[in-house]
Amino acid sequence: MLKIEQLNQYYGQSHTLWDLDLDVPEGQCTVLMGRNGVGKTTLLKCIMGLLPVKSGAIAYQGQELNRVSAEQRAPLGIGYVPQGRQIFPLLSVEENLLIGLPARKDKLNKVPDFIYEMFPVLKEMLGRRGGDLSGGQQQQLAIGRALVTDPKLLILDEPTEGIQPNIVAEIGNIVRKLNQELGLTVLLVEQKLPFARKVADRFCLLDRGRAVATGAMPELNDELIQQYLTV
């Protein structure tokens, strides 16, 4: 569904992504892992058009994305939940969710019911300001806002960061349901190995801007963990 080939990206004179290749198969959950600062979030921002690409190709369902503007990528079917959630704190929960509607191709003018079925806490707090929610509730709101756009590919950047353990487990169940029951393709950046093992089918390890190992999740062995994930 998503194919990245020989991707290079720079911050000023700093070469941050090096000839990076990545395949995200349709219908599966792929997790990007690696120590802090290896380029995981940078890669996601390149996919979403938020950072420029120096060279290489990004294709979504066969369509080249390099010349597609950032605001045009959500209507193609790519949902994005950024690191830190980035909800609108002064808008209500309902207003945050409604922001995703213009990206839908079917021109639906209300939040789909399944969003409230998946996140009942959001229905209870529709009138509350986003900034007044707990961290876990804000993360659910951010995922719900992305789902409102009706994506075929959902990209999540560290959805468990700063979240209490019971909500981490709930988010894991939601990701599995979206992927396995609803058929949504998921690309996930995650630091917590147990969470990654629970939800992901495949992994890609990044180190210093390079993809150094990829494979099915059971192939993520102790040697790779020690070499690329252990601090």
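The values are calculated or read from the model by the stated rules, or taken from the named source; none is laboratory data. As the structure is a computational prediction, the values presented were derived from the model and not from experiment. Methodologically, a virtual Cβ is constructed for each residue, glycine included, from the backbone with ideal geometry; neighbour enumeration extends over all protein chains shown.
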Q) Of (1) exposed (fewer than 15 other Cβ atoms within 10 Å of the Cβ); (2) among the basic types (Lys, Arg); (3) at pLDDT 95 or above, residue 177 satisfies all except one. Which? A) (3)
(Q) Of all residues being hydrophobic (A, V, I, L, M, F, W, C) and in a helix (DSSP H, G or I) in segment 58-80, which is nearest to residue 141 (Cα to Cα)? Just the residue, please. (A) 74
Q.
Looking for something small (Gly, Ala, Ser), touching a Gly at 6+ places or on another chain (Cβ under 7 Å), surrounded by fewer than 17 Cβ atoms within 10 Å (Cβ to Cβ) and in a strand (DSSP E or B) - is there at least one such residue anywhere in segment 81-98?
A. yes
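For segment 26-45, enumerate the residues that are in a loop (DSSP other than H, G, I, E, B) and touching a strand residue (DSSP E or B) at 6+ places or on another chain (Cβ under 7 Å).
26, 27, 28, 34, 38, 39
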Q | Verdict on residue 153 being at pLDDT 95 or above and either in contact with a His (Cβ under 7 Å, 6 or more places away or on another chain) or buried (at least 23 other Cβ atoms within 10 Å of the Cβ) (or both) | A | no
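The rows are residues; the columns are (1) of a type in the set (Asp, Glu); (2) within 16 Å of the chain's Cα centre (by Cα).
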| residue | (1), (2) |
| --- | --- |
| 23 | yes, yes |
| 35 | no, no |
| 49 | no, yes |
| 54 | no, no |
| 57 | no, no |
| 62 | no, no |
| 67 | no, no |
| 72 | no, no |
